[in-house]
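Since the structure comes first, as structure tokens, the remarks are kept for the end.
The values are calculated or read from the model by the stated rules, or taken from the named source; none is laboratory data. Fair warning: this is a prediction, and the values are worked out from it, not measured in the lab. Here the Cβ positions follow ideal geometry from the backbone for every residue, glycine too, while neighbour counts run over all protein chains shown.
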Amino acid sequence: MAELKIGDMAPDFTLPTQNGEQLSLQDLKGGKTVLYFYPKDNTSGCTLEAKSLRDGKAELAARGYKVVGVSPDSVRSHQNFCSKQELNFTLLSDTEKSMCEAYGVWQEKSMYGRKYMGVQRTTFLLDEECRITHIFTKVKTAEHYQQIINELDKK
């Protein structure tokens, strides 16, 4: 898949939420979306990022944005993560990594000299037509919602 850029239409998807319901790109049309990809439930960086978005959800909603998170974790893992961290937004379970691949975030990573495939932490902001308006590849996990607000305030 070619790298997505600002102005591109978001790739289509249909995946289960933490509640076991199906959510597709079509369901997001008509509203703006913070679509964020993260590596793994209940890890330190991913927890900080989720809590930041949880705490900033009201301000994002006031600007017309809903928050949707995506990782390769199972529905059950997402349920536990949402419960434990009191998350107030939707998480999608991409166990087949099809959405991660379509959005170009399933990439080779390296840790301690070992190479492996994993999710590159990335956030896409989508407009009402599901067109990409912003892409964050350098995510500041503990202050991610503020990072998004700051970028929106630049306009």
request  = Report yes if some residue within the range 82-89 is among the basic types (K, R), more than 12 Å from the chain's Cα centre (by Cα) and surrounded by fewer than 18 Cβ atoms within 10 Å (Cβ to Cβ); otherwise report no.
outcome  = yes
query = Within the range 90-107, restricting attention to residues that are closer than 16 Å to P16 by Cβ and β-branched (V, I, T), which residue is surrounded by the most Cβ atoms within 10 Å (Cβ to Cβ)?
reply = T90
note = Among helices (runs of 4 or more DSSP H) entirely within the range 1-117, at least 1 residues that are more than 22 Å from H134 (Cα to Cα), of a type outside the set (A, V, I, L, M, F, W, C) and modelled with pLDDT under 95 occur in 44-55
remark   = Flagged pairs (Cβ under 7 angstrom, 6 or more apart or on separate chains; first in the range 67-80, more than 18 Å from A102 (Cβ to Cβ); second aliphatic (A, V, I, L, M) and part of a strand (DSSP E or B)) are V67/V34; H78/L91
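Does the range 118-135 hold any residues that are part of a strand (DSSP E or B) and either touching a His at 6+ places or on another chain (Cβ under 8 Å) or within 15 Å of G7 (Cβ to Cβ) (or both), and which are they? Spell out the reasoning first.
We begin by selecting, within the range 118-135, every residue part of a strand (DSSP E or B); these are 118-119, 122-126, 131-135.
Within the range 118-135, T123, F124, L125, L126, R131, I132, T133, H134, I135 qualify.
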Positions within the range 33-46 being touching a helix residue (DSSP H, G or I) at 6+ places or on another chain (Cβ under 9 Å) and surrounded by fewer than 19 Cβ atoms within 10 Å (Cβ to Cβ), in sequence order = P39, K40, N42, S44, G45
